[in-house]
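Down below is the structure, laid out as structure tokens.
The values are calculated or read from the model by the stated rules, or taken from the named source; none is laboratory data. Model, not experiment: these values are computed from the prediction. Note that each Cβ is placed from the backbone with ideal geometry, even for glycine, and that neighbours are counted across all protein chains shown.
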Amino acid sequence: MNSFATGFRNRSPLVMVAAALLMVPALVLLQSFFTSGSWSSVPLHFWLRHPHDDPGVVSWSVARLKDDPPRAPTVFIVGGSSAREGIVSGASLASDIRRLGGPRVYAANLSSSLQTYSQSLAIADNVPAEDAWLVVGISPNRFASNADVTLSQAVGKGMLLRSPYLSRYVARTYRKYRFDPTILPGIFLYLSDLADTYVRSIYAGGWVGGPYLLHRVDGKRPRSPERKQRLVRGWYRLRYPAFKENFAMNVGMLEQLVECSRKRGLHVVLVELPIDREIIGRQFDKPRSQYVPRVRRLARELGVPYLDFNADLAMSSEHFYDLQHLTKTGRPIWQERLARELVLLMQETDNEQDPP
């Protein structure tokens, strides 16, 4: 026992090097367990850190898609919480696409609260790309994402997804994480949070990690018009400064997202996410005048559609819980229009690919 303790305390350089060499294979295996999609063989329930764990759910869902790809054409939606609340479900969207004359598809909503364009890029770099459509949600909030949070996705902090494309871009453009080609920092952070969930569950006498709640506003009374106006003023006070500070970075990341997706063969569609036009009116003209022309130019230069059908929908403020999150009554309306637009784009693509 004394010999073992003495060896354990030995700080000889050779001993330290040997210990490090033994750890390297273990770390490689740990990362591979997550990046290969193998971890999705363990049911999602056991990976949830809390009932609102969007990043955990999206990461696990992408891993499941890698490990067991759908056999049908696919539609993936990425965006923030307004995209998450924008449709009923992936299965419901797939049903609408089929009902409106489109093909049988597998659809998945891979949106999450405060999802950055870098996280969307990591998703796009990992989902099955064959015969796949990527719907990218666009909104003012997505251009206000913090730089540190956005760039840290390169090491897996956010989504447990490794994107070589993102890592190269962040290292080349921002000189960040140049010597950290892994997502181990994100894995360790995730497992630390998960361990805390298990400890809290022991003390609570029951699982506190779930069940996962997809739609957070269901069962809640929509905000009053007065409260919604206060939210508009609050956005300018709290979010607009971040929008101005991070706008250029986020536009650049959106461009990289589209380019990465197209190189992988994904059909990209940029879509303006739901917004309560009845309350907002022209109050968001300032941020829109900055990002809409840039997104239009980007879409034109890269050859992808940029859709904004919100003004065409028969929707009132009652369909919104707040400024951007749809209620149960609003989701089917927005989802059906999205499905209709996707069917038209799919048919156009089929016609272009058919031989003359």
Conditions (1) in a strand (DSSP E or B); (2) crowded, with 23+ Cβ neighbours inside 10 Å -> Leu161 fails only (1)
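Is it the case that region 188-201 has a residue that's in contact with a helix residue (DSSP H, G or I) (Cβ under 8 Å, 6 or more places away or on another chain), more than 18 Å from Glu259 (Cα to Cα) and either small (Gly, Ala, Ser) or assigned by TED's automatic domain parsing to the domain that holds Ala299 (or both)? Let's see the steps before the verdict.
Pass one, region 188-201, residues in contact with a helix residue (DSSP H, G or I) (Cβ under 8 Å, 6 or more places away or on another chain): 190, 194.
Narrowing further to those that are more than 18 Å from Glu259 (Cα to Cα): 190, 194.
Then keep just the ones that are either small (Gly, Ala, Ser) or assigned by TED's automatic domain parsing to the domain that holds Ala299 (or both); that gives 190, 194.
Yes - at least one qualifying residue is present in region 188-201.
Across region 277-291, what is the number of residues that are under 13 Å from Phe243 (Cβ atoms) and among the hydrophobic types (A, V, I, L, M, F, W, C)? I'd like the intermediate steps shown before the answer.
Looking only at region 277-291, we keep the residues that are under 13 Å from Phe243 (Cβ atoms), and these are 284, 286-291.
After this cut, where a residue has to be among the hydrophobic types (A, V, I, L, M, F, W, C) as well, the list is 284.
Qualifying residue count, region 277-291: 1.
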If we take region 183-280, then helices (runs of 4 or more DSSP H) inside it with 2 or more residues that are over 29 Å from Phe34 (Cα atoms) are 225-238, 240-264, 277-280
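Identify the residue in region 1-56 that is among the charged types (D, E, K, R) and at pLDDT 65 or above and, among all such residues, is farthest from Met159 (Cα to Cα). Steps first, please.
Taking region 1-56 as the starting set, the residues that turn out to be among the charged types (D, E, K, R) are 9, 11, 49, 53-54.
Narrowing the set further to residues that are at pLDDT 65 or above leaves 49, 53-54.
Details: Arg49: 13, Asp53: 11, Asp54: 9 Å.
Once the filter is applied, the top-ranked residue is Arg49.
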Next on the checklist: Take Leu323 and tell me if it is in a strand (DSSP E or B) and in contact (Cβ under 8 Å) with a residue 12 or more places away in the chain.
Outcome noted: no
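Would you pick out the residues in region 233-246 that are crowded, with 17+ Cβ neighbours inside 10 Å and out of contact with any Pro (no Cβ under 7 Å at 6 or more places or on another chain)?
Step one: filter region 233-246 for residues crowded, with 17+ Cβ neighbours inside 10 Å, giving 235, 243, 246.
Matches in region 233-246: Trp235, Asn246.
Can you pull out every residue in region 107-120 that is of a type outside the set (Val, Ile, Thr) and either closer than 12 Å to Leu134 by Cα or surrounded by 24 or more Cβ atoms within 10 Å (Cβ to Cβ) (or both)? Full working, then the answer.
Start the filter on region 107-120 by keeping residues that are of a type outside the set (Val, Ile, Thr), which leaves 107-115, 117-120.
Those that are of a type outside the set (Val, Ile, Thr) and either closer than 12 Å to Leu134 by Cα or surrounded by 24 or more Cβ atoms within 10 Å (Cβ to Cβ) (or both): Ala107, Ala108, Asn109, Leu110, Ser111, Ser112, Gln115, Tyr117, Ser118, Gln119, Ser120.
Do we have Ala147 as surrounded by 22 or more Cβ atoms within 10 Å (Cβ to Cβ) and in contact with a Phe, Trp or Tyr (Cβ under 9 Å, 6 or more places away or on another chain) here?
Details: surrounded by 22 or more Cβ atoms within 10 Å (Cβ to Cβ): no; in contact with a Phe, Trp or Tyr (Cβ under 9 Å, 6 or more places away or on another chain): yes.
No; evaluated as a whole, the condition is false for this residue.
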Just one listed residue, out of Gly186, Gly205, Gly210, Gly219, is over 30 Å from Thr327 (Cβ atoms), of a type outside the set (Lys, Arg) and modelled with pLDDT under 95, and it is Gly205
Condition set among the hydroxyl-bearing types (Ser, Thr, Tyr), in a helix (DSSP H, G or I) and in contact (Cβ under 8 Å) with a residue 24 or more places away in the chain, scope region 32-87, selection surrounded by the most Cβ atoms within 10 Å (Cβ to Cβ): answer is Ser59
